[in-house]
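Working notes, beginning with the structure itself.
We did not get these values from a lab; they are worked out from the coordinates using the rules stated. All values reported here derive from a predicted model rather than from experimental measurement. Methodologically, a virtual Cβ is constructed for each residue, glycine included, from the backbone with ideal geometry; neighbour enumeration extends over all protein chains shown.
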Amino acid sequence: MAYQLNQKIRNLVPYKPISGTYDIRLDANESYFTLPDEIYEKALKAALSTQLNRYPDPAAKGLVRAFAEFYHIDPEYVTAGNGSDELISLIVSAFFEPEDELVTVVPDFSMYQFYAGVYGVKATAFPKKEDLTLDTVRLSAYLKSGGARGVIFSNPCNPTSLCISRRHLLQMIREVPNCLFVVDEAYMDFAEESILSVAHEYPNLIVLRTCSKAIGLAGLRLGFAIAGETITRALHAVKSPYNVNTLSQCVGTAVLSEPMYLIRCNEQIISAREALYKGLLKLYAKFRIFDTIYEPTTNFVFVKTKLAKDIYDKLLARSIAVRFMGGYLRITAGTKEEHKRLFEALEEIAKELAL
Ligand SMILES: *Cc1c(COP(=O)(O)O)cnc(C)c1O
């Protein structure tokens, strides 16, 4: 008999972001900032002095030091990854056995369940409340009673843009000490509830960070895991030795060594997010085009609307890409000009739909 793919991968299809070219891309939560020439040149100059015939530093020491310095933490607790995506994959594959239960929350970032599926780890889905907030008291009770081996979620959440407070989160982590908490802080640069600085104090905690959002380096593929000594040693031991390539290490180090620039970008993205939120609220008041606009804590705004598909299609037809998610839209903050065109388009669409 001919070779057959196994059951779990037979029906998988490659991840496909929106294809085609659009004038305005507000669909992938990237930063709208491109590197200023002087930082780009500094980074490329550093890249020119690397030796590509040699393997990269497996510990990515320079990069990890720059990351730790920028966030005021100890580099000893940091592991670099080829995007946080690689670290999620690594954690799900190495820290869980097939019979272990990995709890995810719904709705949340889909990659957690995806990797659980690929590695044959039993993933269960804990539902969020009607208002899309996470009931940490109930989740804590569920984790305690069910004997889950771990739980993974994003905070702030992609796609809801809602954030769990540091206090509630740490309380939960303390209450279920035999359960591994993987807290994905991909968007925490835009919020103020980070547990990064205390991550090493909890033997059952891994915090994930990425350079793909606030830092504006999605193309480099850089992510970080921050955890205590035991977990960090295990991560270093199970990761592929040369997971972060020399050029990414080098350019990432150069950019993370520009705190003034990064902080300025971050402030501007937060202002942009607020402007986007206010603009959408105005349209909501005028046309009832949305059902709910969730108060955002990230670089995107999440809206609930029965018209999601219509609005999405009509925006695409105007060369504006946002993310369509069932009865919801997720819209990334962009430049003033992009927002202006978005608002104009939404106003036109509202009129077309006779709202
Ligand atoms: C964008 C995103 C990431 C980033 O992944 P990278 O692989 O570092 O680009 C991780 N987690 C969440 C929830 C995200 O939205």
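Applying a DSSP loop filter and a limit of 15 other Cβ atoms within 10 Å to the chymotrypsin sites (Phe, Trp or Tyr not before Pro) in the stretch 157-256 leaves Y242. Only helices enter this figure: runs of n ≥ 4 DSSP H residues, each worth -39500 (n - 2.57), summed and divided by the residues of the chain, yield -13000 deg cm²/dmol at 222 nm to the nearest 500.
Greater than 26 Å separation of Cα atoms is the criterion. Which listed pairs, K42/K340; K309/K351; K16/K336; K304/K336; K16/K286; K16/K129, meet it? With Cα atoms farther than 26 Å apart: K42/K340; K16/K336; K16/K286; K16/K129.
Evaluate the distance, in nm, between pseudo-label points positioned 7 Å from the Cα of S197 and of S110 along their respective Cα→Cβ axes. Here the answer is 3.7 nm between the modelled labels. Shown here are the Rg and Dmax of the Cα trace of the stretch 49-120, at 15.9, 48 Å. Rounded to two decimals, the Cα radius of gyration of the stretch 254-355 over 2.2 N^0.38 Å is 1.15.
For I195, the shell of other residues with beta-carbons less than 15 Å away shows a net charge of -4, using +1 for Lys and Arg and -1 for Asp and Glu.
In the stretch 1-125, the alpha-carbon atoms span a convex hull of 241 Å³ per residue. Between the beta carbons of R264 and A234, assuming R0 = 41 Å, the FRET efficiency works out to 0.65 to the nearest 0.05. Computed on the stretch 124-226, with alpha-carbon pairs under 8 angstrom and 6+ residues apart, the relative contact order is 22 percent. The length gained by stretching the chain between S49 and S93 to full extension, at 0.36 nm per residue less their Cα-Cα distance, is 12.3 nm. Anisotropy class assigned to the stretch 208-254 is oblate, per the alpha carbon gyration tensor with a/c at or over the 1.5 cut-off and a/b no larger than b/c. Simple point charges give the picture: +1 on the Cβ of Lys and Arg, -1 on the Cβ of Asp and Glu, and for the chain a dipole about the Cα centre of about 620 debye.
With the dipole of the chain worked out from charges on the C-beta (+1 for Lys and Arg, -1 for Asp and Glu) around the Cα centre, which of A345, G146, Q268 lies farthest toward the positive end? Most positive-ward Cα: A345.
Within the stretch 51-145, the trypsin sites (Lys or Arg not before Pro) that combine a DSSP coil assignment with at most 14 other C-beta atoms in a 10 angstrom radius are R54, K129.
Using a Debye calculation, one point per C-alpha and no hydration shell, please list log10 I(q)/I(0) for the stretch 174-214 at q = 0.17, 0.20, 0.28, 0.29 Å⁻¹ in order. Evaluating at q = 0.17, 0.20, 0.28, 0.29 Å⁻¹ gives log10 I(q)/I(0) of -0.47, -0.62, -1.00, -1.04.
Distance between the C-alpha centres of the stretch 154-188 and the stretch 189-224: 12 Å, rounded to the whole angstrom.
Among L220, Q7, L162, which residue has its Cα furthest toward the positive end of the charge dipole of the chain, with +1 on Lys/Arg Cβ and -1 on Asp/Glu Cβ? The listed residue farthest towards the positive side: Q7.
Mean projected area of the convex hull spanned by the Cα atoms of the stretch 92-203, taken over all viewing directions: 6.6 nm². Among residues other than I18 with Cβ under 9 Å from its Cβ, the summed charge is +2 (Lys and Arg +1, Asp and Glu -1). Across all C-alpha atoms in the chain, the radius of gyration and Dmax reach 21.0, 64 Å.
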